[in-house]
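One structure is given here, and the rest of the page talks about it.
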Amino acid sequence: MEPSILGPESEVKPVLIRCLYCHQPFAPSLFHPQQIICHSPECQRRRKSDYHRRKQQTDPQYRQVCEESRKKWCLNHPNYQRQYRKDHSEYVEQNLIAQKRRDQRRRARNLVKNNLAIDLKRLPAEVWLVGPDLGDLVKNNLAISQVMIFQTVAATARQFG
């Protein structure tokens with residue numbers, strides 16, 4: 001049969017599959033029918049990153065070539081990090097804040113079950129520990145250096161009344 005005799009109903013419609021990353025439907029390439037990642041730049045970037053990561057984990061020779069390439073680049077650009085930090089002060093500030101946060105978490109993990117600071121049961125006050133990392137402090141009575149003391153209304157009234 002000649003193609004001109006066939007009607008539009010006989011045209012082959014592309015099969016749409018969903019991208020593994022963005023989950024949007026797309027038609028795979030005719031040259032690569034096994035394609036499972038769409039053509040968007042973001043999905044292609046993720047695909048390449050995943051491939052690179054897997055290849056480094058499984059291929060020692062590839063990992064060595066990447067390491068040598070990185071070292072060679074660093075030798076050819078010795079002041080890159082210093083210059084980058086000089087040109088990007090907002091990056092330096094964000095990095096300092098993030099490092100302080102990491103340091104606080106590390107110190108909090110080291111303080112678990114540390115209850116030698118003060119015997120809080122002898123104080124005539126209620127103590128509330130408030131903070132983002134208190135889930136890590138299982139049996140720790142006093143672990144935060146920032147302490148806020150609130151006096152209850154009843155205690156104030158007895159004291160001055």
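Bear in mind that the values in this text are calculations on the coordinates, not laboratory data. All figures in this text were calculated on a predicted structure; none of them were measured in a lab. Backbone-built Cβ (ideal geometry, glycine too); neighbour counts: all protein chains shown.
Here each label is just a point 7 Å from Cα along the line to Cβ, and for SER69 and GLN104 those points are 4.0 nm apart. Here segment 12-58 is assigned +1 on the Cβ of each Lys and Arg and -1 on the Cβ of each Asp and Glu. Its dipole about the Cα centre then comes out at about 160 debye. Loop-located chymotrypsin sites (Phe, Trp or Tyr not before Pro) across segment 10-96 with a Cβ neighbour count of 13 or fewer within 10 Å are PHE31, with loop assigned by DSSP.
Selection among PHE31, CYS43, PRO14 by position relative to the dipole of segment 12-58 gives CYS43 as farthest towards the positive end (Cβ unit charges, Cα centre).
Using Cβ contacts closer than 10 Å as the measure, can you line up ILE37, ILE17 from fewest to most? It would help to have the intermediate numbers written out before the result.
Values: ILE37 18, ILE17 15.
In order of increasing Cβ crowding within 10 Å: ILE17, ILE37.
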